[in-house]
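Since every read-out is calculated from the coordinates, none of them should be taken as a lab result. Since this is a predicted model, take the numbers as computed values, not measurements. Ideal geometry is used to build each Cβ from the backbone, glycine not excepted, and the neighbour counts take in all protein chains shown.
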Amino acid sequence: MTEHVLAAEATHSRWNRALPPRLEIDPGDTVHFQCVEAAGNQVRPGMSLEDLATIDRGRIHALTGPVFIRGAQPGDVLEIEILNLAHHGWGYSMLVPGLGFLKDRFSQPFLFHWELLPSETRSLAPAVVPLRPFCGVMGVAPAVDGESRTRPPGPFGGNMDIRELCAGARLYLPVFNPGALFSCGDGHAAQGDGEVCINGIECPLDATLRFHLHRGHTLTAPLIESRAPQDTANSDAWIVVESDEDPLRAARNATSRMVDLLMRLWGLTDVHAYILCSVAMHLRLSQVVNEPMITVSAAIAKHILPERRLF
């Protein structure tokens, strides 16, 4: 088990399975990813709104990778163990005309700078916002040829913007290409469910991830084992992730996959699993701004079920 360091440059802002890998590793290895802020080092602390208007938006999202995991083949599952995430003391949030959940109400550009303390920020008084850094984008190369923008998430992961992907969590992704070709970026110091204004607290981030490979297992879309902070009322959870242009279809697919998970890991009948979902599952809009794709997460707290391993 080897440790590697992967500097941010050169970043990439498109999914493309033809991209040559910047690093090759073995299952069990750890990679320290250096991730610039989502705009590719174009935004800086104290930057003016006028300067923000001149950035090249074609460089969003600036991702670090791809990483080739030796032995990974289509039909396998890649497990990403999130060991540590560290911000750099600053971040920003912005409003972009034509984007965001309330784009008709908030039609003017805006830029807000955050000063980040180790575990909180007091920049937006009187609020004290706790920080839970995570990568908004974590994904493997999609199954199709050619370039595609990073904004819409999919079965490969990508721009899911799921706030539970913080330190201690595990992300499981289906593999679509030899080597999986994993990339990450779009660091957030904090984010609410939905990411409604188009941003969380965008920031550069150092991400330490360990990779495991599960050969010959079937997974259709992302699955998460979350780790809740000890100082909150939240619980560790199993989280099923679905993205779709139709939010209701995404929610139904996530619920159906949770039923399947309960049947497979705990031996429940389909109807008993369905009832358990109805009384104990949290169905959330994780992001509503990466139109046309909406991401829904379905979560069941781990403490209500006997401990199980996914593989």
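A cut-off under 11 angstrom between Cβ atoms defines the neighbours of Ile82, and their net charge, with Lys, Arg +1 and Asp, Glu -1, is -1. Charges were assigned to the Cβ only: +1 to each Lys and Arg, -1 to each Asp and Glu. The resulting dipole of the chain about its Cα centre is roughly 380 debye. The stretch between Phe110 and Leu19, if pulled fully straight at 0.36 nm per residue, gains 29.3 nm over its current Cα-Cα span.
Only four residue types carry charge here, +1 at the Cβ of Lys and Arg and -1 at the Cβ of Asp and Glu. Report the dipole size of the stretch 121-171 about the Cα centre in Debye, rounded to the nearest 20. Don't jump to the answer; show the numbers that get you there.
Working: 6 positive and 4 negative charges, 59 e Å.
In total the dipole reaches around 280 debye.
Once you have the Cα-Cα distance between Leu117 and Lys103, take 0.36 nm times their residue separation minus that, and quote the gain in nm to one decimal.
Working: separation 14, 0.36 × 14 = 5.04 nm, distance 3.03 nm.
Difference between extended and current length: 2.0 nm.
Give me the distance between the Cα centres of the stretch 189-215 and the stretch 112-136, rounded to whole Å. A separation of 14 Å, based on Cα centres. Shown is the FRET efficiency for Arg252 and Ala301, computed with R0 = 30 Å from the Cβ-Cβ distance and rounded to the nearest 0.05: 0.90. Evaluate E = 1/(1 + (r/R0)^6) for Gln34 and Leu310, where r is the Cβ-Cβ distance and R0 equals 30 Å; express this FRET efficiency to the nearest 0.05. Computed FRET efficiency for Gln34 and Leu310 comes out at 0.55. Here the gap between Ser235 and Val196, fully extended at 0.36 nm per residue and compared with their Cα-Cα distance, gives a gain of 11.7 nm. Packing, taken as the mean count of other beta carbons within 10 Å per residue, orders the peptides 295-306, 118-129 from highest to lowest as 295-306, 118-129. Does a label point 7 Å from the Cα of His272, set along Cα-to-beta-carbon, have any residues of the stretch 291-311 with amide nitrogen under 17 Å, and which are they? Within reach of a label on His272: 304-308.
Just round it to a whole percent: the fraction of Cα-Cα distances in the stretch 216-309 exceeding 17 Å. When every Cα pair of the stretch 216-309 is considered, 50 percent fall beyond 17 Å. Label positions at His88 and Val5, each projected 7 Å from the Cα along the C-beta direction, are separated by 1.5 nm. Taking a quarter of the surface of the Cα convex hull of the chain gives a mean projected area of 15.9 nm².
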